[in-house]
């Protein structure tokens, strides 16, 4: 029989220690964490970026990733979107009774590997055990530092007329991978969950005046761009035929009756900047890990009557007024 999580693992006693010493500490080992103090003391900055997130995805492992990789990517990418350099992450694990410990170990090792790829340290954590059916949830908090004397002025409200809208890759991969797994559909579609550290680092170092960056997660591209249009008070126009979508995801979306523009991702960003810098930005993104399919998909205009609107120019020459995702969508994709 596989070894599984029991309530004793959450008691704070010897079984808890076994879990920490056998799984978490070896995977996340660094000087700060191994001190095992009640709080971590780390080098800081005059101003920091802070984010928090919770990950409840089912299944825990999926084609192209798992909850461990996902929680690092989601947390790191949120910090990167403000121009911060991710440095520290805390991880709180809520484990259900019956969770296979070998599965836990795989997800923890994946989490640790992704943290190394992203250049962040796990500096604190917590574990609780609750009743249930072998599930696992992870809560994270992330801290990013600003390397220069000033904080970059990157904001949802900063889009200006004449800006272009760039996406860093294909839409809907993560959403399709999770949905296919749940429906037992045999497909090669893999989640795009990835830390965007190299990509955003190149953009920040280039001196390009970035107005807005946003990672494209739940709600998909349509929801993200509609929110940015509203925040900036500008009219956003995007071209349906220019939005990158793999053939596999497009076919899957047609089969399921869903729109790729509202399918979630976990390793893609939307970038808004002055049009004259579009070619340079594309070159940098495409030369980075996870950015080979980057594309310019639209533009920003100052139109009083369409302020806050997101308009898709369709393949057949029409215009579609797009709004944020309505209803539940696909729950628990992250």
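The values are calculated or read from the model by the stated rules, or taken from the named source; none is laboratory data. As the structure is a computational prediction, the values presented were derived from the model and not from experiment. Note that we place each Cβ from the backbone using ideal geometry, even for glycine, and neighbour counts take in every protein chain shown.
On the stretch given as region 183-220, residues that are within 22 Å of residue 69 (Cβ to Cβ) and in contact with a strand residue (DSSP E or B) (Cβ under 9 Å, 6 or more places away or on another chain) total 15. Just one of the listed residues (125, 135) is out of contact with any helix residue (DSSP H, G or I) (no Cβ under 7 Å at 6 or more places or on another chain), crowded, with 17+ Cβ neighbours inside 10 Å and in contact (Cβ under 8 Å) with a residue 60 or more places away in the chain, and it is 135. Mind checking whether some residue in region 230-244 is outside the structural domain of residue 111 (by TED's automatic domain parsing) and without any contact (Cβ under 8 Å) to a residue 40 or more places away in the chain? Scanning region 230-244, I find no residue that is outside the structural domain of residue 111 (by TED's automatic domain parsing) and without any contact (Cβ under 8 Å) to a residue 40 or more places away in the chain, so the answer is no. Residue 186 meets the conditions (1) in a loop (DSSP other than H, G, I, E, B); (2) in contact (Cβ under 8 Å) with a residue 40 or more places away in the chain; (3) more than 19 Å from residue 312 (Cα to Cα) in every case but one. The failed one is (2). Between 122, 72, the distinction of being in the same structural domain as residue 15 (by TED's automatic domain parsing), assigned to a strand (DSSP E or B) and touching a strand residue (DSSP E or B) at 6+ places or on another chain (Cβ under 9 Å) belongs to 122 only. Of note, residue 76 satisfies the criterion of being over 14 Å from residue 104 (Cα atoms), touching a residue at least 60 places away in the same chain (Cβ under 8 Å), surrounded by 15 or more Cβ atoms within 10 Å (Cβ to Cβ) and in contact with a helix residue (DSSP H, G or I) (Cβ under 9 Å, 6 or more places away or on another chain). In region 6-21, the count of residues that are closer than 30 Å to residue 152 by Cβ, part of a helix (DSSP H, G or I) and either in the same structural domain as residue 203 (by TED's automatic domain parsing) or touching a residue at least 24 places away in the same chain (Cβ under 8 Å) (or both) is zero.
Inspect all residues belonging to region 298-311 and state whether any of them is touching a helix residue (DSSP H, G or I) at 6+ places or on another chain (Cβ under 8 Å), surrounded by 14 or more Cβ atoms within 10 Å (Cβ to Cβ) and over 18 Å from residue 159 (Cβ atoms). No, region 298-311 contains no residue that is touching a helix residue (DSSP H, G or I) at 6+ places or on another chain (Cβ under 8 Å), surrounded by 14 or more Cβ atoms within 10 Å (Cβ to Cβ) and over 18 Å from residue 159 (Cβ atoms). The strands (runs of 3 or more DSSP E) found wholly in region 203-288 and carrying at least 3 residues that are buried (at least 16 other Cβ atoms within 10 Å of the Cβ) and under 18 Å from the mean Cα position of the chain (by Cα) occupy 212-215, 269-274. Considering region 41-51, and only residues there that are in a loop (DSSP other than H, G, I, E, B) and more than 17 Å from residue 119 (Cβ to Cβ), the residue that is nearest to the chain's Cα centre (by Cα) turns out to be 47.
Does residue 159 satisfy the criteria of being closer than 20 Å to residue 312 by Cα and either touching a helix residue (DSSP H, G or I) at 6+ places or on another chain (Cβ under 8 Å) or surrounded by 15 or more Cβ atoms within 10 Å (Cβ to Cβ) (or both)? It is true that residue 159 is closer than 20 Å to residue 312 by Cα and either touching a helix residue (DSSP H, G or I) at 6+ places or on another chain (Cβ under 8 Å) or surrounded by 15 or more Cβ atoms within 10 Å (Cβ to Cβ) (or both). The sole residue among 302, 289, 295 that is closer than 20 Å to residue 70 by Cβ and at pLDDT 95 or above is 289. Among the criteria (1) modelled with pLDDT of 95 or more; (2) surrounded by 18 or more Cβ atoms within 10 Å (Cβ to Cβ), the one residue 98 does not fulfil is (2). Restricting region 52-69 to residues that are out of contact with any helix residue (DSSP H, G or I) (no Cβ under 6 Å at 6 or more places or on another chain) and not in a loop (DSSP other than H, G, I, E, B) leaves a set whose member that is farthest from residue 187 (Cα to Cα) is 52.
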